[in-house]
Structures are given as C-alpha cells and as structure tokens.
Amino acid sequence: MYMLVENRTSSHLHLKRSPGIRSWSLFVGIASIGLAAAYYSADSLAWKLFYMAGCFFVAAQNLEQWEEAVFDKNKGTVCLKTFNLYKKILTFSKGGNEQVVALLNEIRDVNVEEETVRYFGKGYLVVLRFVTGFSHPLTQSAVLGCRSDVEAVAKLITSFLELDRIESQQDLSQSSETEASDADEPQDKY
C-alpha cells in the first residue's frame, strides 16, 4: 500500500504512510541477530550490550519513515511531514521530524514517476510539480511493484485539487482559440 487516506473532506485531505511489512520484518530480523549474539556469546555484559545496541541501530536505520501529506484548502497549503526513528534516536529526540510546506495554488500537476531500485526492480512514487518548475516527491521512498496504488493516490490528489478541471478548461480555451485562428485564415481550394 502506498498511502492510506486518513481523512477526506471537501477542504481537507490527509494521507499517511507507515513502514511496511518488509521494513518491519527486516527490523525484527536484524534486531534478533543482536539478541541471539548476546544470548549465545560467552563475552562480558558490556560486549553483549554492544551487540544488542549495534544491531538495534542498524535495524532502526533500515526502517522506513512514517510520512504524512496534509492538503488543506482553507489554509491554501500542503504540508509534507516525515518522521525517522533512527534520526530521532541519534539526536536524542531533537531531530527526526522534517516538514515541507507549499502553497496549493503553486501545484500545477501530479505525476507518477518510475524509479529503478537496485536488485528489486522498479518502484513508483507520486511527484508534485510546481509552477516554478520545482518538483517534490509526495514520499521519500518508492513503493515496489504496485503502480495502480500509486496512480490511485495521484488521481485522488488531482481530483481533490481540481487540477483535472483546470486542464480541461485550458484545453477548451486553447481549442477555441485555434478554431478562431483557423477561421481567420483564407481557405485555399484545390
């Protein structure tokens, strides 16, 4: 699952993402190696604590981030938040939270991008494109394989921001302008 809809109203869209089963499995696997090394070793207590702490840090480093996207039409902003357990532990609760805030009226398009993930194949993520030419991913990590889930989230955001209506209005105005310019040109008979 790419992102889950936490809350949706006509003026508020809240999307969330938590670490997946692969991430938690890797976390438990690496942490259990540290526990097993501490349990079965004949070393001193200090070394056993070192094994457990080292494996716990490696496991926490490989854990995916918790991510949120809050689109608020009342405030006119989108807030992208990330929470990283590893950074939180290393900075003693002072870091680990990152936040990006942008204006909704500056978002001109929502796309699905394909990303090559080494050894695993292709991953997909939603990218917000801004009027300034700047692009920002909705999440920091891609989801493997499930392009349809990512496209569904992109369509949800596009419909919430009414970008599909804006595009259709622009297409209609451009087609009417070209028809008017074609009518002004003299018609050649063959």
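The values are calculated or read from the model by the stated rules, or taken from the named source; none is laboratory data. Keep in mind the model is a prediction, meaning the values are calculated, not measured. Every residue, glycine among them, receives a Cβ derived from its backbone with ideal geometry; neighbour counts consider all protein chains shown. In case anyone asks, the SASA skips ligands and DNA or RNA and just uses the protein heavy atoms, side chains included. Shrake-Rupley method; radii C 1.70, N 1.55, O 1.52, S 1.80 Å.
If you bin every alpha carbon distance in region 37-154 into 10 Å steps from zero, what whole percent lands in each bin?
12, 29, 29, 17, 9, 4, 0
How large is ³J(HN,Hα), in whole Hz, for each residue of region 103-110 in order, when computed from phi with the Karplus curve 6.51 cos²θ - 1.76 cosθ + 1.60 and θ = phi - 60°, using x for Gly and Pro?
7, 5, 6, 8, 7, 10, 7, 10
In Å and from the alpha-carbon atoms only, list the Rg and Dmax of region 5-91.
18.8, 62
Given an 8 Å cut-off on Cα distances and at least 6 residues of separation, report the relative contact order of region 1-124 as a percent. Display every interim value, and only then the final one.
Numbers: 180 pairs, mean separation 24.4, N = 124.
Over region 1-124, the number comes to 20 percent.
Can you work out the Karplus-derived ³J(HN,Hα) for every residue in region 43-56? Use 6.51 cos²θ - 1.76 cosθ + 1.60 with θ = phi - 60°, whole Hz, and x for glycine or proline.
Those phi angles translate into 6, 6, 4, 4, 5, 4, 5, 5, 4, 5, 5, x, 5, 5 Hz.
If the only charges are +1 at each Lys and Arg Cβ and -1 at each Asp and Glu Cβ, what is the size of the charge dipole of region 2-142 around the Cα centre, to the nearest 20 debye?
Values: 15 positive and 12 negative charges, 37 e Å.
In total the dipole reaches around 180 debye.
Could you calculate, for region 54-121, the ratio of the Cα radius of gyration to the Kirkwood radius, expressed as Rg to Rh?
My calculation of the ratio gives 1.10.
Residue-wise, which Karplus ³J(HN,Hα) couplings in Hz belong to region 125-130, taking 6.51 cos²θ - 1.76 cosθ + 1.60, θ = phi - 60°, and x for glycine or proline?
8, 8, 10, 8, 10, 9
Once you compute Rg and the Kirkwood Rh from C-alpha atoms, what is the Rg to Rh ratio for region 106-152? Spell out each step's value before the answer.
Numbers: Rg = 11.3 Å, Rh = 11.1 Å.
Result for region 106-152 is an Rg/Rh of 1.02.
Taking each pair of distinct Cα atoms in region 1-41 once, what is the resulting Kirkwood hydrodynamic radius in Å?
On the way: mean 1/r = 0.0772 Å⁻¹.
Hydrodynamic radius (Kirkwood, Cα pairs) of region 1-41 is 13.0 Å.
Which of 28, 66, 46 sits closest to the plus end of the dipole of region 1-89, meaning its Cα is farthest towards the positive end, when Lys and Arg get +1 and Asp and Glu get -1 on the C-beta?
Of 28, 66, 46, it is 66.
What does the accessible area per residue of region 79-147 come to in Å², with a 1.4 Å probe and no ligands, DNA or RNA counted? The partial results should precede the final answer.
Working: 4300 Å² over 69 residues.
Counting only protein heavy atoms, the per-residue value for region 79-147 is 62 Å².
Give the lysines whose C-alpha is closer than 22 Å to that of residue 87, dropping any in the same chain fewer than 8 places away, or say none.
Leaving aside lysines fewer than 8 places away in the same chain, those within reach of residue 87 are 16.
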